[in-house]
Structures are given as structure tokens and as C-alpha cells.
Amino acid sequence: MTIVLNGESRETRAATLADLLHEAGFGPRVATARNGSFVPAGQRMATALQDGDRIEVVAPMQGG
Amino acid sequence: MPVFYGVEVGSALMLGTAQYPSPATLAGAFRSSGAGVATVSLRREAGGGQDFWALVEGLGTRVLPNTAGCHSVKEAVTTAHMAREVFGTRWIKLEVIGHADTLQPDVVALLEAARILSEDGFDVFPYCTEDLTVCGRLVDAGCRVLMPWGAPIGSGLGLNNPYGLRSLRAHFPEVPLVVDAGIGLPSHAAQAMEMGFDAVLLNTAVAKAGDPVAMARAFALAIEAGRAACLADPMPARDMAAPSTPVIGKAFLS
């Protein structure tokens, strides 16, 4: 299946959002959105991925 | 010291964490200034986020995540939810940008996002203009802090509309007010504090100084002086001179 992860197209075998985070090797302190909607950490395992999904994974960054 | 949503912070200086020449300089600026709040953001994770978080945790300040770069209600609300989870705080500096060149807020979208987030249990710090009506509506929407700009973000122009800011202070005596954005010099920060603002939020003026650690200290001193001056009840300004030395008793020498 092909998804878009942080703006880049990616082939994945991950079934859920939690699997994808593990597969991509993200650190623990991140937040996620699927197709523009926030997915709380507790719902990542229950969030099945579908072909074409746009996934955003964000982390703490410098800000003003 | 200012109290935001029931939390007293240790300093009236709120300092951004962006644009420093190095992480060590960032940490040095927080140490030298004693800033009470650190603003942070969320961006796509590209490997640096976890280290940055460790650095911020080490600062020992309250953390205020922003929604910088958001241009719509949906983007800002989604970002706020992500920030609440990542940073473990209800505080959110709500930015909904309406204009590319000036980065001035889209106050209509800001108001809508502020209402949604306040109802969702967030403590909203809205980046707004000094417009009295907009600010009144933000308070009605649940905001217990207002953060009008001094000048466009990153411009360093200072307080562009001192009349408007004074007027805002007078109209909302009970609401904590923060001048957010546009501060370039410690004297600008002192001016805001002399007017009775509760705090000042700045980033570029420190981060882009030749010596950010020393400039952060200069801002802390100016803010302390401005606050002390406000509490000391400054004299009213007047157009004509008024001699300070007694006129009576002057020797007749001509």
C-alpha cells in the first residue's frame, strides 16, 4: 500500500498507524494526524491505514 | 509576577526558542534572563524533535506551544490538539495568520478557533491585534489572557500603536495582557511594562542579537525596571516645561 508520510510517498506494510510509527522509527514524543484529523496516541493501534492516506507525524520544535 | 489561567510564572519575560545560533546559546539565554515561559512549536519530525524536547525540559520553565504558521481554523485547532498531547499542557498560543507579508492575525478565524478550543478545555493565549472589539469578543469566547502584537512578528519595530495598547490596558484591567511580537529593543519591552502590561513575549530580538545571552539579560533588566516603574505610578506627561528647582528664593543677580 502507498501512503504519504509527512509529505513524502511511502510504500508500507503497516496495518495501523501504530505499526507505521514503529516501522518508520519515530521517537516517543510525537503527535499524529490522518488525512488532516488529529489521531490521539491511544487510538493509533485502532487506526487502520488505507491506500492513499496522508499521515502527519510532528514533534517538538523551536518556536516563537 | 504574572498569573495566567491560575498559574503564576517566575518572570514577566516570555521567550521564544527559535533562531538561536546553537542549543547552548538558547539555554544560556534562558539562564541569563530567568525567562518564565518558553514558547515552542510542532513540526514534522525529521530526527531533531526528541533532542530538542530534552533541551526544553532542562530549561525548567513553563512551556507554551504555538500554532505558528496555521492559516485556518481547522489547522490551528488540529495543531492545538497535537500540542496538548505532545507537551502535556492545556496552554496554547493561538496564532491564525491572515496576511503573508505582515503575519497579522486573521481575527475572524482566530475568534472561531479560540471559541472551539476554550470549549474543549484549552487555556488559550490568542495572538491578536489591539482592537478593543476583537479583544472583547476573545474574552467572551473564553480567553483569560490577551496577546496583542506590538508590531509585525520579527520586525523589531517596537510598539507601533502605543495609544491602542494603552487603551486596551485601560479597557481590560482584570485580563492579563502580553505584548507579543515586534519587540526589538529592551526599551520597547520596558515601555510595554510601564504601560501596565503583565508580560512581554519575544524571540527574534534575543536570538538574532550579536550576543543573545547578554541581550536576554538586558531584556530581563528592562522588564523588571518597566514593571517597577508601573507600580511606582509614573508622572503624567505635559507639553510645557515646569521648573523643578524652586523659583521662590532665587537671588536677584541681574
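Across region B:121-146, the residues whose backbone nitrogen lies under 19 Å from the label position 7 Å along the beta-carbon direction of B:LEU157 are B:127-132. In this calculation the C-beta distance from B:ASP131 to B:ARG44 is compared with R0 = 35 Å, giving a FRET efficiency of 0.55. Region B:158-214 has equivalent-ellipsoid semi-axes of 23, 10, 8 Å, by the square roots of 5 times the alpha carbon gyration tensor eigenvalues, sorted largest first.
Shape class for chain B: prolate, because the ratio a/c of the largest to smallest gyration tensor axis (alpha-carbon atoms, square roots of eigenvalues) is 1.5 or more and a/b beats b/c. Split chain B at each of the trypsin sites (Lys or Arg not before Pro) in a DSSP loop with at most 12 other beta carbon atoms within 10 Å, and the longest piece is B:1-237.
When the accessible area of chain A is split by element with a 1.4 Å probe, what percent falls to carbon and sulfur? Write out the running numbers ahead of the final one.
Details: 1590 of 3290 Å².
Using a 1.4 Å probe with all protein chains present, chain A comes out at 48 percent carbon and sulfur.
With protein chains left intact and a 1.4 Å probe, residues in the protein assembly as shown average 47 Å² of accessible area per residue. Need one number: nm distance between label points at A:VAL4 and B:ASP101, each 7 Å from Cα along Cα→Cβ, rounded to one decimal. The modelled label-to-label distance comes out at 3.0 nm. Looking at chain B, the DSSP beta bridges with both ends there are about 10 percent antiparallel. The helix-only estimate of mean residue ellipticity at 222 nm for the protein assembly as shown, built from DSSP H runs of length n ≥ 4 each weighted as -39500 (n - 2.57), is -10500 deg cm²/dmol after division by the residue total.
Annotation note: chymotrypsin sites (Phe, Trp or Tyr not before Pro) in region B:188-254 located in DSSP loop regions with a Cβ neighbour count of at most 10 within 10 Å are B:PHE252. Considering only the Cα atoms of region A:2-58, their convex hull presents on average a projected area of 3.3 nm². Helix B:162-171 and the longest principal axis of the Cα set of chain B meet at an angle near 80°.
Restricting the trypsin sites (Lys or Arg not before Pro) of region A:1-30 to loop positions (DSSP other than H, G, I, E, B) with no more than 10 neighbouring Cβ atoms within 10 Å leaves A:ARG13.
In percent, rounded to a whole number, the relative contact order of chain B is 19, using alpha-carbon pairs under 8 Å and six or more apart. Think of region A:2-58 as having a plus end and a minus end, set by charges on the Cβ of Lys, Arg, Asp and Glu; of A:ALA46, A:ALA24, A:ASN6, A:ALA46 sits farthest toward the positive end of this dipole. In degrees from 0 to 90, rounded to the nearest 10, what is the angle of the helix B:212-231 Cα long axis to the longest principal axis of chain B? The answer is roughly 60 degrees. Taking the C-alpha atoms only, the angle from helix B:23-33 to the longest principal axis of chain B is near 40 degrees. For the pair B and A, the buried accessible area comes to roughly 2200 Å² in total, with a 1.4 Å probe and the value rounded to the nearest 100. The calculated FRET efficiency for the pair B:VAL108 and B:ILE248, based on their C-beta separation and a Förster distance of 51 Å, comes to about 0.25. Taking label points 7 Å from Cα along the Cα-to-Cβ direction, B:ASP239 and B:LYS74 give a separation of 5.5 nm.
The values are calculated or read from the model by the stated rules, or taken from the named source; none is laboratory data. What you see is a predicted model, and the numbers here were worked out from it, not measured in a lab. Glycine also receives a Cβ, built like all others from the backbone with ideal geometry; neighbour counts cover every protein chain displayed. Side chains are part of the model used for accessible areas, which takes the heavy atoms of the whole protein and leaves out ligands, DNA and RNA. Shrake-Rupley method; radii C 1.70, N 1.55, O 1.52, S 1.80 Å.
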